[in-house]
Amino acid sequence: MRTIPHWINGQEVVPAAGNFGPVFDPSTGEQQAQVGLASTAEMDAAIAIAKAAFPAWRSASLSRKSEILFRFRELVVANRDEIARLISIEHGKVPSDAAGELARGIENIEFSCGIPTHMKGGFSEQVSGGVDVYSMKQPLGVVAGITPFNFPAMVPLWMFTNGIATGNTFILKPSEKDPSVTVFMAKLLKEAGLPDGVFNVVHGDKVSVDAILNHPDIAAVSFVGSTPIAKYIYATGTANGKRVQALGGAKNHMVVLPDADINMAADASVSAGFGSAGERCMAISVVVAVGDVADPLIKAISERIPALKVGPGTDPVNEMGPLITGQHRDKVASYIAGAAAEGATVIVDGREGSLPEKGYFLNPSLIDHVRPGMKVYDDEIFGPVLSVIRVDTYEEAVTLINDHQYGNGTAIFTRDGGAARQFQFDIQVGMVGINVPIPVPVGYYSFGGWKASIFGDANMYGPAGIEFYTHTKTVTSRWPDPSTSSVDLGFPQTR
Ligand code: NAD
């Protein structure tokens, strides 16, 4: 059985004997590797390495840091196919989704290459006679990232690119379900010239997460995952005096107004609802059909669903892969049964139709006449299940979305610019798409939802990432008047 190593101090580290977790191939249901689940002692040892690496890395020049990140970017691009393969075999997503994830992650490397500009401070001359004030950004120390299974390369890249570019040293605790790709990226960072100990990957579960949250030498924690765990990470980390950014789950609505382009909206519903098997925190989960748009829209979506090819991510003809585990597949399937029992209309049932015999597959589902109060609406399902809610007016659509506990992403489909502008003003959601179903901001903006989709106020990556990983230090300085110097250099008296 292949054992996935940790990456500590610039080298692979074989996990201590005794505690391993399985890494499955979701397309077959068979275990393909094992990953060490670090003990508190193993995590403490890695944190000590990162702490020791901090003073030298902090002192490295901005141009050196930038140069390493530029080289890392080139290596990631050169190894694109291998990275996508590693994502695909452990996560199960199809190659196009894996390549798409990586492309979005590369944006974060590119943003961090500009670190000399991002680290600029401010300067106010002559705030008082002979007195200047200026501010600078300085790194925090050892920071940690804890990431979910659904974007095993992109979400770590959201964090560690800015984390190390700002001069911190980093401990990444990736999802134990698909951990290999982070070790591969760590090797590329070393090849790019990153000093040993600056970036470390320690695999694990709750034990290693708690070791991070309780360790006095961890200055900040970045987390992306489900809402209950995000809440726990935020509460525990901040109680221990750490900076914490914690992004949670989602339930994203796509409003379709009666004037929308039906084909465009139907294509978007299918790609955003079923892409990556719906295991995306920005997936569209609910289509809110306003007025008489519901019937033609549902017809158009239903016509597209049978054309979606479901199968192993390793085969490039497939458009939708398996879910991450058998347990998760069964949970997602239970929402389809539950929806029918609660009075919704199951138009396409993903439990039916042909599916590969082995692996954690489910076909796409489309459910009409969904209402608040039904579990299929209230919960985050995180699978290929698209609900439709019918409302009479724009106002009802907005109230529905604003009343939902989650506020990660949303979209509106319309030809009316005024309506779209009103929507972006009214809606209580962090990321809004206008005729764009998955509005993940580019790497030079920042990512974050509202309400139960985030704990704390620190968004991820882009300018917010630079802020999160740095302290501001403000200096007030006064120099003696040079005309009073014991050495007469000919300065006139000015003060
Ligand atoms: P998860 O919360 O189960 O796990 C996330 C991380 O937390 C993993 O590294 C895991 O090892 C760790 N963890 C799990 N249980 C823990 C516990 N009890 N104590 C401490 N640590 C624990 O999430 P997941 O299933 O890997 O990912 C899917 C979830 O992530 C979905 O809810 C999805 O919406 C969310 N997500 C959100 C965003 C976002 O940007 N808001 C992005 C991607 C995924």
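Throughout, read-outs are computed from the coordinates displayed, never taken from laboratory work. Computed from a predicted model, the values in this text were never measured in an experiment. Ideal geometry is used to build each Cβ from the backbone, glycine not excepted, and the neighbour counts take in all protein chains shown.
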field: Gap separating the Cα centres of the range 245-310 and the range 68-123, nearest whole Å
entry: 27 Å
message: Using the Cα centre of the chain as the reference point, and only Cβ charges (+1 on K/R, -1 on D/E), how large is the resulting charge dipole? Debye, rounded to the nearest 20.
response: 1260 debye
query: Hey, rough spin-label estimate for GLU125 and ASP196, points 7 angstrom out along Cα→Cβ, what's it come to in nanometres?
result: 4.8 nm
query: Counting DSSP beta bridges in the chain, what percent are antiparallel, to the nearest 5?
result: 40 percent
Cut-off 13 Å (backbone N to label point 7 Å along Cα→Cβ of ASP426), residues of the range 229-267: 255-258
query: Is the shape of the chain best called rounded, prolate or oblate, per the rule: a/c under 1.5 gives rounded, else a/b larger than b/c gives prolate, else oblate, with a ≥ b ≥ c the square roots of the Cα gyration tensor eigenvalues?
result: oblate
PHE70-ALA48 pseudo-label distance in nm [points 7 Å out on the Cα-to-Cβ vector]: 3.8 nm
statement: Long-range amide H partners of ILE454, meaning residues 5 or more apart or on another chain whose placed amide H is closer than 5 Å, are GLY248
message: For the range 177-281, what does the relative contact order come out to in percent, with C-alpha contacts under 8 Å and a separation of six or more?
response: 18 percent
message: Using a Förster radius of 41 Å, what is the FRET efficiency between ASP315 and ARG58 based on their Cβ-Cβ separation? Nearest 0.05, please.
response: 0.30
field: For HIS253, HIS404, order by how many other beta-carbon atoms lie within 10 Å, fewest first
entry: HIS404, HIS253
field: In Hz, Karplus ³J(HN,Hα) per residue of the range 84-94 (6.51, -1.76, 1.60; θ = phi - 60°; x = Gly, Pro)
entry: 4, 5, 5, 5, 5, 6, 9, 7, x, 5, 6
statement: In terms of the charge dipole of the range 252-434, which places +1 on Lys and Arg and -1 on Asp and Glu at the beta carbon, the residue among PRO258, ILE336, ASN402 farthest towards the positive end is ILE336
task: With an 8 Å cut-off on Cα pairs and a minimum separation of 6 or more residues, tell me the relative contact order of the chain in percent.
output: 18 percent
task: Could you tell me which of rounded, prolate or oblate describes the range 252-434, using a ≥ b ≥ c as the square roots of the eigenvalues of the alpha-carbon gyration tensor, with rounded for a/c under 1.5 and, failing that, prolate when a/b is larger than b/c and oblate otherwise?
output: prolate
message: At a 10 angstrom cut-off on C-beta neighbours, averaged per residue, how do the peptides 327-334, 472-479 rank from highest to lowest?
response: 327-334, 472-479
field: Contour excess over end-to-end distance, with Cα ends at GLN34 and GLN138 and 0.36 nm allotted per residue
entry: 33.6 nm
message: Starting from 0.36 nm per residue, how many nanometres of slack lie between VAL442 and ARG495 once their C-alpha separation is accounted for?
response: 14.1 nm
- request: Calculate, in nm to one decimal, what ARG371 and THR345 gain on full extension: separation in residues at 0.36 nm each, minus their alpha carbon distance.
  value: 8.3 nm
field: Least to most buried among ASP178, ASP217, ASP488 (fewest other Cβ within 10 Å first)
entry: ASP488, ASP217, ASP178
field: For the range 324-350 versus the range 160-215, the gap between their alpha-carbon centres in whole angstrom
entry: 36 Å
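Place the peptides 145-157, 85-97, 188-200 in order of packing, highest mean first, counting for every residue the other Cβ atoms within 10 Å and averaging per peptide.
Working: 145-157: 25.9, 85-97: 24.2, 188-200: 20.1.
Packing order, densest peptide first, comes out as 145-157, 85-97, 188-200.
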query: Leaving out same-chain residues fewer than 8 places away, which lysines sit with a Cα under 20 Å from that of LYS473?
result: LYS120, LYS137, LYS242
From phi via Karplus (6.51, -1.76, 1.60), per-residue ³J(HN,Hα) for the range 267-280 in Hz, x at Gly/Pro: 4, 5, 4, 6, 6, 7, x, 10, x, 6, 6, x, 8, 10
query: Can you list the residues, at least 5 places off or on another chain, whose amide H is less than 5 Å from the amide H of VAL385, using H built in the peptide plane?
result: SER365
- request: Could you list LYS242, LYS231 in order of exposure, starting from the residue whose Cβ has the fewest other Cβ atoms within 10 Å?
  value: LYS231, LYS242
query: Measuring from centroid to centroid over Cα atoms, what is the spacing of the range 356-419 and the range 1-44 in Å?
result: 37 Å
task: Please list, in chain and number order, the residues 5+ apart from VAL13 or on another chain whose amide H is under 5 Å from its amide H, with Hs placed from the backbone.
output: HIS6, TRP7, ILE8
- prompt: Taking θ as phi - 60°, what are the ³J(HN,Hα) couplings along the range 250-257 by the Karplus curve (6.51, -1.76, 1.60), each to the nearest whole Hz, with x for Gly and Pro?
  reply: 7, 8, 9, 9, 10, 7, 10, 7
Around THR166: net Lys/Arg minus Asp/Glu count, Cβ-Cβ under 11 Å: +2
